[in-house]
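**Student:** Can you keep this structure in mind? I'll have questions shortly.
The values are calculated or read from the model by the stated rules, or taken from the named source; none is laboratory data. Because the structure is predicted, anything quoted here is derived from the model rather than measured. Cβ placement follows ideal geometry from the backbone for every residue including glycine, while neighbour counts extend to all protein chains displayed. Surface accessibility is based on the protein's heavy atoms, side chains included, excluding ligands, DNA and RNA. Shrake-Rupley method; radii C 1.70, N 1.55, O 1.52, S 1.80 Å.
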Amino acid sequence: MQIPEKGLPKEQVLGTLQSFKSHDMDWKAGKVWCYVYNPGEDPAEVTKEAYLSFLTENGLDPTVFPSMLKLETDVVRMLATLLHGDENVVGHLTTGGTESIMLAVKTARDRARVLHPEITRPEMVLPKTAHAAFHKAAHYLGVKPVVADINPATFKVEAEAMRAAITENTILLVASAPSYSQGVIDPIAEIGALAQEKDLLFHVDSCVGGIHLSFMRKLGYNVPDFDFTVPGVTSISADLHKYGYAAKGASCVMYRDKDIRKYQIFACTDTTAYTLINPTVTSSKSGGPMAGAWAILNYLGEEGFMNIVETVQAATQKLIAGISAIPELEVLGQPAMCMFSFKSNAINVYQLADAMAKRGWYIQGQFSTPLTPRNLHISVNYGTTHQVDALLKDWRECVELVKGM
Ligand SMILES: Cc1ncc(COP(=O)(O)O)c(C=O)c1O
């Protein structure tokens, strides 16, 4: 394949692009139970317009585009407030959870290089359920991941398991609020206390939970403290492009203060071109995702988010009750929000996922490990809530099908 010699007509270009999607699964119908977070047509349209209106602006240089700095500071401040940060909390917008996590690990590594030069082989302690992004960060940044086992009954790590994994090379503790796989929240307060006792940085991965859990709390749900209210928490990642319902390419990493954050920033003048000062991994940075995020927060407002969260939680409870009524299936642990997983002792759940896929549903299979059985994952989002009854009906039928296999 090569670039066409002469340009093609616009209709052909755009039509062909659309045709590429013909084999994609139907997220618009609410049949994909992960990956996509759909706030409904009207808010999605606002995000889209906002995104397109900043498609070309470049966050690389806020002296040329002060608008980008304004967008970033506004969104970071809104999230910092939501997560109970005080005026010292600072942060940046990134392209996603992985970049936010990568930066939190880089910050810890570079801080340790200055404050603890005796540590030549830095380590971070993370639960088995921590997202793979931490392993990626470890791999990229030369930090050793030391994995603490979880309690196989609760799927949470215990602070004592984290303590046992700490060595003189530890620079960072990590926990999730919640973990993706089972949707449970690690004991953040206890790990925060441990971080303080050992004088370590502590990152809370709230990529999926940061926004949704905060609104659950405002609605009066019983949510344990997981944010800057917890002493010892030094940084938090919260994704806008998940339960913030923003367009993809938007996450936020926040630090308790500037003294920690300063290790995140990279600057370079040792070239022939322009002064490069990059707080995040990317250098050129589209304004689209930032404008999209700014727009959805302002368009939905607290009220809009709370309506979404209530609808999503009601759907989640109905699904969990529906699954629990199927004797062959069992929900794992006590999910904190709208993400959960389930296993079966009677059937192969991977076959169940395949049978459901034949009916157009995407239900994600998760690893069987010494600490977790074969299981399937569900993330409920606003755009799937109307499909709960249809999903349960097909589920019941597919369990019967698979039983006969
Ligand atoms: C808990 C958690 N952290 C981090 C990530 C990584 O986020 P992203 O896919 O935006 O890089 C995910 C993704 O699902 C996640 O669930």
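**Student:** If I ask for residues that are surrounded by fewer than 20 Cβ atoms within 10 Å (Cβ to Cβ) and either away from the ligand (no atom under 13 Å from the Cβ) or part of a strand (DSSP E or B) (or both), which ones from the stretch 129-141 would you list? If you could, list the steps in order and put the result at the bottom.
**Tutor:** Of the stretch 129-141, the ones surrounded by fewer than 20 Cβ atoms within 10 Å (Cβ to Cβ) are 132, 135-136, 139-141.
139, 140, 141, listed by residue number.
**Student:** Taking residue 87, is it under 22 Å from residue 204 (Cβ atoms), surrounded by fewer than 22 Cβ atoms within 10 Å (Cβ to Cβ) and without any contact (Cβ under 8 Å) to a residue 40 or more places away in the chain?
**Tutor:** Yes, satisfied.
**Student:** Quick one: which residue in 281, 253 is in contact with a strand residue (DSSP E or B) (Cβ under 9 Å, 6 or more places away or on another chain), within 16 Å of the ligand (Cβ to nearest atom), among the β-branched types (Val, Ile, Thr) and under 22 Å from residue 181 (Cα atoms)?
**Tutor:** 253
**Student:** Considering (1) more than 16 Å from the ligand (Cβ to nearest atom); (2) in a loop (DSSP other than H, G, I, E, B), say which one residue 194 fails and leave the rest.
**Tutor:** (2)
**Student:** When you go through 77, 111 one by one, which is the residue that is within 22 Å of the chain's Cα centre (by Cα), more than 16 Å from the ligand (Cβ to nearest atom) and basic (Lys, Arg)? Explain how you work it out, then say what you get.
**Tutor:** On the way: 111 fails: within 22 Å of the chain's Cα centre (by Cα).
The match here is 77.
**Student:** In the stretch 275-291, what residues are touching a residue at least 12 places away in the same chain (Cβ under 8 Å) and loosely packed, with under 15 Cβ neighbours inside 10 Å?
**Tutor:** 277, 282, 283, 284
**Student:** Which one is surrounded by the fewest Cβ atoms within 10 Å (Cβ to Cβ), of the residues in the stretch 43-61 that are within 29 Å of residue 307 (Cα to Cα) and under 23 Å from the mean Cα position of the chain (by Cα)?
**Tutor:** Among those residues, the one meeting the criterion is 45.
**Student:** Given the criteria within 10 Å of the ligand (Cβ to nearest atom) and either hydroxyl-bearing (Ser, Thr, Tyr) or in a loop (DSSP other than H, G, I, E, B) (or both), does residue 237 qualify? Even if it seems obvious, please write down each step before you answer.
**Tutor:** Working: within 10 Å of the ligand (Cβ to nearest atom): yes; either hydroxyl-bearing (Ser, Thr, Tyr) or in a loop (DSSP other than H, G, I, E, B) (or both): yes.
Here the answer is yes, as residue 237 does meet what is asked.
**Student:** Under the condition of being open to solvent by less than 10 Å² (accessible area, probe 1.4 Å) and of a type in the set (S, T, N, Q), which residue from the stretch 196-226 is nearest to the chain's Cα centre (by Cα)?
**Tutor:** Per the stated criteria, the residue is 206.
**Student:** Between 390, 355, 336, which is touching a helix residue (DSSP H, G or I) at 6+ places or on another chain (Cβ under 8 Å) and in a helix (DSSP H, G or I)?
**Tutor:** 355
**Student:** I need the full set of residues from the stretch 62-84 which are in contact (Cβ under 8 Å) with a residue 12 or more places away in the chain, open to solvent by 10 Å² or more (accessible area, probe 1.4 Å) and outside any helix (DSSP H, G or I), in order please.
**Tutor:** Selection gives 65, 84.
**Student:** Out of 242, 248, which single residue is within 16 Å of the ligand (Cβ to nearest atom), crowded, with 24+ Cβ neighbours inside 10 Å and modelled with pLDDT of 95 or more?
**Tutor:** 242
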